[in-house]
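Read the structure below first, then the notes.
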Amino acid sequence: MVEQNSSKALLSANQLTCIREERILFDELSFEITAGEIVQIEGPNGSGKTSLLRILAGLSRPYAGDVHYQGENITRVRDEFNDDLLYLGHLAGVKSELTAEENLNFNLRISGYDEFETGDILAKVNLAGFEEALAGHLSAGQHRRTALARLWHTNCKIWLLDEPFTAIDKKGVEELEHLFLAHSKRGGCVVLTTHQDMGIIGDDILRKISLEYRFV
Amino acid sequence: MKKGISFRQAFFTLLKRDLQIAIRHKGDIFNPLLFFILVVTLFPLGIGPEPQVLSRVAPGVIWVAALLASMLSLERLFKADYADGSLEQMLLSPQPLPLMVLAKVLAHWLLTGVPLILVAPLLAVLLHLDNNSYGALIATLALGTPVLSLLGAIGVALTVGLHKGGVLLSLLILPLYIPVLIFATTAIDAAGLNLPYSGHLAIIGAMLVGSLILAPFAIGASLRVSTN
């Protein structure tokens, strides 16, 4: 039976346990993420932040426990869940043989969008003028921005972002924070991992889930 | 921001992307083809120029070389996508995974299988293949190489997460390749003796249809396991 209040939660984790290399990263971890929340998963290196995000996205299976999307197990409603999910891993998913524009075009089309202006979207991530440049020739930050550009053209409610600020400059981080705030006001939720302090999203808005490094 | 991409459009988007990447990375197309040509041209040098001997071994040599060339090229099918995170995005996209996998395998076959089919008749001249056998050679390659790509992709999907999956990959997929090899070479032999070979072709055709329908699901499931 699904509990009453979990139907309101966009995403809920029930008793998640994750074991990697015979080490328990976290066990019986439960939380709920409702619409409008911005959640930061924090913890030292190796504490299982990326593993947790991958489990939430349905890429990895937890050792025990399950993840629910609007009250339904994500393995059962995978199509609806994927339709509402935007996951950016620490690997950007950007092809270095393709140009920035081709990458964005592919990423958006494969997510199901067919009407968009890649030039406008790339301009929003400060890549105007680099549309024709091969992603392999871009700097690390621009490479990352090519992947992040998808955030400006999406109607997915659930954003799972693994280290979105890596290699992004200060101004870029601010723009992303504004985007996250706007997204949460529209009724979406953002779950991210980062070691950086966020200036614009204050502690009153930001919810933190802490993972500890465990030796057992 | 409506989502209006049909399955067909998604399929062709992925197909186009993979072809585009391969064209910018020309080695991916030419290495397997070069391997195929080298192996086949070395045989007349190795076993002597007697036409009877060569025409006897020609079907086997061409098919074994095609099989190994296909296996060599397979490893790259998902490797790059796995390494740069595109594979994760593919797994999480709202499009059906078997469809996307099929687009990738088709792109792979267009780039590695089709050139083999085009070059094989020229190499057959080198091996004194019987004049009657050319039709059978092309027909078996046209039906057989897609089976190799589809079955091989299951093995690649299972081993994509391993650092040194090469040997394991061959052990996994070579047994699956053997029926194709047997029926293809006997078909060519039969054609050389002016015997009907449509039965052999029908069996290879059945393998193609079967793998076309079932392999995409197996590949999709294997990819989910590999990225776990």
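The values are calculated or read from the model by the stated rules, or taken from the named source; none is laboratory data. Just so it is clear, the model here is predicted, and its values are computed rather than measured. Note that we place each Cβ from the backbone using ideal geometry, even for glycine, and neighbour counts take in every protein chain shown.
Tabulated data
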{"quantity": "Helices (runs of 4 or more DSSP H) contained entirely in the range A:83-156, each with at least 3 residues that are under 28 Å from B:Asn228 (Cβ atoms)", "calculated": "A:100-110, A:140-148"}
{"quantity": "Top-ranked residue in the range A:49-69 [being of a type in the set (Val, Ile, Thr) and not in a strand (DSSP E or B); ranked as nearest to A:Glu28 (Cα to Cα)]", "calculated": "A:Ile55"}
{"quantity": "Of the criteria (1) touching a helix residue (DSSP H, G or I) at 6+ places or on another chain (Cβ under 6 Å); (2) surrounded by 19 or more Cβ atoms within 10 Å (Cβ to Cβ); (3) within 14 Å of chain A (Cβ to nearest Cβ), which one B:Leu116 fails", "calculated": "(3)"}
{"quantity": "Any chance B:Leu169 is touching a Gly at 6+ places or on another chain (Cβ under 8 Å), in a helix (DSSP H, G or I), closer than 30 Å to A:Gly89 by Cα and of a type in the set (A, V, I, L, M)", "calculated": "yes"}
{"quantity": "Exclusive hit being within 14 Å of chain A (Cβ to nearest Cβ), touching a Lys or Arg at 6+ places or on another chain (Cβ under 9 Å) and either surrounded by fewer than 20 Cβ atoms within 10 Å (Cβ to Cβ) or closer than 21 Å to B:Leu111 by Cα (or both), set B:Leu14, B:Leu19", "calculated": "B:Leu14"}
{"quantity": "B:Lys3 vs. criteria surrounded by fewer than 19 Cβ atoms within 10 Å (Cβ to Cβ), within 14 Å of another protein chain (Cβ to nearest Cβ), touching a strand residue (DSSP E or B) at 6+ places or on another chain (Cβ under 7 Å) and closer than 28 Å to A:Asn105 by Cα", "calculated": "yes"}
{"quantity": "Scan of the range B:22-40 for residues that are of a type outside the set (A, V, I, L, M), surrounded by fewer than 17 Cβ atoms within 10 Å (Cβ to Cβ) and within 14 Å of another protein chain (Cβ to nearest Cβ), ordered by number", "calculated": "B:Arg24, B:His25, B:Lys26, B:Gly27"}
{"quantity": "Test result for A:Arg150, among the basic types (Lys, Arg), facing chain B (nearest Cβ under 9 Å) and within 23 Å of B:Met100 (Cα to Cα)", "calculated": "no"}
{"quantity": "Leading residue by the ranking (nearest to A:Val191 (Cα to Cα)) among those in the range A:132-169 that are surrounded by fewer than 19 Cβ atoms within 10 Å (Cβ to Cβ) and among the small types (Gly, Ala, Ser)", "calculated": "A:Ala167"}
{"quantity": "Subset of the range B:95-144 [aliphatic (A, V, I, L, M) and part of a loop (DSSP other than H, G, I, E, B)]", "calculated": "B:Leu127, B:Leu129"}
{"quantity": "Given (1) among the polar types (S, T, N, Q); (2) assigned to a loop (DSSP other than H, G, I, E, B); (3) modelled with pLDDT of 95 or more, index of the condition B:Asn228 fails", "calculated": "(3)"}
{"quantity": "Exclusive hit being closer than 29 Å to A:Leu108 by Cβ and within 11 Å of chain B (Cβ to nearest Cβ), set A:Leu10, A:Leu59, A:Leu52", "calculated": "A:Leu59"}
{"quantity": "All positions within the range B:61-94 that are of a type in the set (D, E, K, R) and within 14 Å of chain A (Cβ to nearest Cβ)", "calculated": "B:Arg76, B:Lys79, B:Asp81, B:Asp84, B:Glu88"}
{"quantity": "Residue in the range B:58-67 that is of a type in the set (Gly, Ala, Ser) and within 30 Å of A:Phe116 (Cα to Cα) present", "calculated": "no"}
{"quantity": "The listed residue being of a type in the set (S, T, N, Q) and closer than 27 Å to A:Asn82 by Cβ, out of A:Asn126, A:Asn155", "calculated": "A:Asn155"}
{"quantity": "Residue match in the range B:41-53 (condition: closer than 26 Å to B:Leu174 by Cβ, in contact (Cβ under 8 Å) with a residue 12 or more places away in the chain and within 14 Å of another protein chain (Cβ to nearest Cβ))", "calculated": "no"}
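Matching residues to (1) without any contact (Cβ under 8 Å) to a residue 40 or more places away in the chain; (2) out of contact with any strand residue (DSSP E or B) (no Cβ under 8 Å at 6 or more places or on another chain); (3) within 12 Å of chain B (Cβ to nearest Cβ):
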| residue | (1), (2), (3) |
| --- | --- |
| A:Leu86 | no, no, yes |
| A:Gly89 | no, no, yes |
| A:Val94 | no, yes, yes |
| A:Glu97 | yes, no, yes |
| A:Leu108 | no, yes, yes |
| A:Gly112 | yes, no, yes |
| A:Asp120 | yes, yes, no |
| A:Ala123 | yes, yes, no |
